[in-house]
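The values are calculated or read from the model by the stated rules, or taken from the named source; none is laboratory data. Computed from a predicted model, the values in this text were never measured in an experiment. Positions of Cβ are backbone-derived with ideal geometry, glycine not excepted, and every protein chain shown enters the neighbour counts.
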Amino acid sequence: MKRNITLVVWLPAIYLMTATGCHSRPENTGTNDTVQTTVPEPVDTPGVAPAAAIPDGPTLYNVFICAATGDLNKDNISDSVVVMHDTTSAQQPYRLQVLFGRPDGQHQLAATSETAILPDGGEGAHDAITLDSVLVSKGVLTVRISLLRGMAEYLYRYQHQRFELIGYSRNESDGQGLIVSEQYNLSTGRYTRSTEAYDGEDRPTEHTDTIIPIRPLPVMDTLVPFETYHAKYILF
């Protein structure tokens, strides 16, 4: 059951102003949305309460990674996205949280996912897959993931009272002279995949353009990158 927890208005602001775990400060866009990017080895944030002052039970999210702000629920009030990291456990999971802004200046917890960002340790760890950044733009939350030789993006929109996955893309070298590009619009079901040579050699290429409907759409709270829908619907 979702926990309705209200946080004071200064909490997200403290993260944005004092955090040292991101490459740069928020960058303003035309919609006043912001983005911050993680660094390979995040550090603790002095003066900021661990776990964003939200009870975690046995899991301690003790390191602030990054944050982004922007309107995600179309009420013309800025919302906050905060990523925390637990470096005390063997699994070293990440927690992605969305806090909706309120007219009274406070923030309320709207969504939490401990699986949308793959852990750094334990059975679910992937050495070549790491969090790159979180971004809010035009009402869409984007989680960017660095791959061994490329990048993947997961796009979420707040609809039906939850954050649903509406888009996925991947651009990655196969290590053998080909670039693999994928685009998947989960809202329409359109999936495209193409390969293109980048080493100047005459290599066979391919292009797929098909419809793969998924209903209901995957939800951010329980989504696991590269596992939630890929194994069932898409063969890499």
Residues in region 137-156: is at least one part of a strand (DSSP E or B), farther than 30 Å from residue 67 by Cβ and hydrophobic (A, V, I, L, M, F, W, C)? no
Hey, any hits in region 100-107 for a residue that's of a type in the set (A, V, I, L, M, F, W, C), crowded, with 21+ Cβ neighbours inside 10 Å and either assigned to a strand (DSSP E or B) or within 11 Å of the chain's Cα centre (by Cα) (or both)? no
Taking region 192-236 as the search range and keeping residues that are small (Gly, Ala, Ser) and over 22 Å from the mean Cα position of the chain (by Cα), which one is modelled with the highest pLDDT? 194
So residue 61 fits all but one of (1) more than 21 Å from residue 226 (Cβ to Cβ); (2) surrounded by fewer than 20 Cβ atoms within 10 Å (Cβ to Cβ); (3) not charged (D, E, K, R); what number is the exception? (2)
Looking at 188, 192, can you tell me which residue is assigned to a loop (DSSP other than H, G, I, E, B) and farther than 23 Å from residue 61 by Cβ? 188
Would you check which residues across region 104-140 are small (Gly, Ala, Ser) and closer than 19 Å to residue 60 by Cα and list them? 111, 113, 116, 121, 122, 124, 125
Looking at region 101-109, can you tell me whether even one residue there is small (Gly, Ala, Ser), farther than 20 Å from residue 218 by Cα and in contact with an Asp or Glu (Cβ under 7 Å, 6 or more places away or on another chain)? yes
Can residue 135 be described as in contact (Cβ under 8 Å) with a residue 12 or more places away in the chain and either within 18 Å of residue 222 (Cα to Cα) or among the polar types (S, T, N, Q) (or both)? no
Residues of region 105-129 classified as without any contact (Cβ under 8 Å) to a residue 40 or more places away in the chain and either within 20 Å of residue 166 (Cα to Cα) or of a type in the set (Asp, Glu) (or both), total: 3
Restricting to region 131-163, and then to whatever is within 18 Å of residue 97 (Cα to Cα) and hydroxyl-bearing (Ser, Thr, Tyr), can you tell me which residue is surrounded by the fewest Cβ atoms within 10 Å (Cβ to Cβ)? 137
Within region 108-133, the residues that are part of a strand (DSSP E or B) and under 19 Å from residue 146 (Cβ atoms) are 113, 130, 131, 132, 133
Search result, residues across region 64-92 that are of a type in the set (A, V, I, L, M, F, W, C) and either in a strand (DSSP E or B) or within 13 Å of the chain's Cα centre (by Cα) (or both): 64, 65, 66, 67, 68, 81, 82, 83, 84
